[in-house]
Amino acid sequence: MVLFTFNVINIEAKAKNGVQISDVERLKITEDNTKAILRTLDIHDNKASFFIEISLTEKLQNLIKAISSQGHEIAFYNKDSNLREIEEAKKKTEEFLEKQIRGIRQKDIRLRQEDLKMLEFNYVSNIDNAEILFPFKRLQRNTEITEEDGLSIVPESISPYSQLPYNDFVFQVLPMKYYKNMVFETLKNDDFVLIYLNSWQFTDFKKYPFEIPFYRSLFSGKKMEDKLDALLSWINEKEMATSRMKDYIF
């Protein structure tokens, strides 16, 4: 099973040469990038899970409704919100969607699992930092879903052969030929492959002069769309099963 997931988050990088990019513009970039992802998924009739950064949930209600109406899962991405803020966002989002939010993803700040269970989340999908040397730092990882404190804990996927993780950075820089081989070989060994990308990776950095490392701007924007399109085409051609996170876990 291939689990496609997308983190919907604003780009935080500063602009180059004193250019000002307002919060409104950053939000518009996030919306446009997410819509590009949705178009690509729709072309190939694939469903995915979208992890919306909690502080954006109220600002992106129309986008969230569009994502959900197309059959994708809405989950939360916790950047730095506290329990009260998460609870409030969850309640409001569930009210206007009329659907339960089951999943949450964390990276730098991780709340206690018992607290997340208290907020009636069903699963946690934590991720690590994906810097340029990150793939070489850890060579072993548990890749099985476990149950802890009443929550399903979904680990990041890692190739059992290349030892590369399926994070946003690896997808962006690895040639598609090798990435396909990695997916194919992993599914021979593991029950699922969890792939995650960030909405900001689909930004056209020639149009928006953000100050980001050179290796992070490589193959971004339209090239990321093309890469996602190529992977989805191949997955459908090989008749590989895909799923939203909540469907696969439950």
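The values are calculated or read from the model by the stated rules, or taken from the named source; none is laboratory data. Since the model is a prediction, treat every value here as computed from it, not as a measurement. All Cβ positions, even for glycine, are placed from backbone atoms using ideal geometry, and neighbour counts span all protein chains on display.
Observations on the structure shown:
- Residue list for region 219-250, filter: without any contact (Cβ under 8 Å) to a residue 60 or more places away in the chain, surrounded by 13 or more Cβ atoms within 10 Å (Cβ to Cβ) and outside any helix (DSSP H, G or I): Phe219, Ser220, Gly221
- The residues in region 1-48 that are under 19 Å from Ile64 (Cα atoms), of a type outside the set (S, T, N, Q) and in a loop (DSSP other than H, G, I, E, B) can be counted, and the count is 5.
- Where a residue in region 1-18 is closer than 22 Å to Glu58 by Cα and touching a residue at least 40 places away in the same chain (Cβ under 8 Å) and its partner, wherever it lies, is of a type in the set (Gly, Ala, Ser) and part of a strand (DSSP E or B), with Cβ under 6 Å and at least six apart: Thr5/Ser49
- Residue within region 49-57 that is exposed (fewer than 15 other Cβ atoms within 10 Å of the Cβ) and part of a loop (DSSP other than H, G, I, E, B) present: no
- Residues of region 199-215 that are modelled with pLDDT under 95 and either out of contact with any helix residue (DSSP H, G or I) (no Cβ under 8 Å at 6 or more places or on another chain) or hydroxyl-bearing (Ser, Thr, Tyr) (or both): Lys206, Lys207, Tyr208, Ile212, Pro213, Phe214, Tyr215.
- With respect to (1) buried (at least 20 other Cβ atoms within 10 Å of the Cβ); (2) within 15 Å of the chain's Cα centre (by Cα); (3) of a type outside the set (Phe, Trp, Tyr), the lone exception for Ile29 is condition (2).
- Given (1) within 19 Å of the chain's Cα centre (by Cα); (2) over 16 Å from Ser125 (Cβ atoms), number of the condition Val193 does not satisfy: (2)
- Scan of region 186-241 for residues that are among the aromatic types (Phe, Trp, Tyr) and closer than 30 Å to Ile153 by Cα, ordered by number: Phe192, Tyr196, Trp200, Phe202, Trp234
- Residues that are surrounded by 13 or more Cβ atoms within 10 Å (Cβ to Cβ), among the charged types (D, E, K, R) and at pLDDT 90 or above number at least 2 in the following helices (runs of 4 or more DSSP H) confined to region 93-198: 113-118, 176-189.
- Filtered residue count, region 199-214, keeping only those that are within 19 Å of the chain's Cα centre (by Cα), part of a loop (DSSP other than H, G, I, E, B) and either surrounded by 22 or more Cβ atoms within 10 Å (Cβ to Cβ) or not charged (D, E, K, R) (or both): 1
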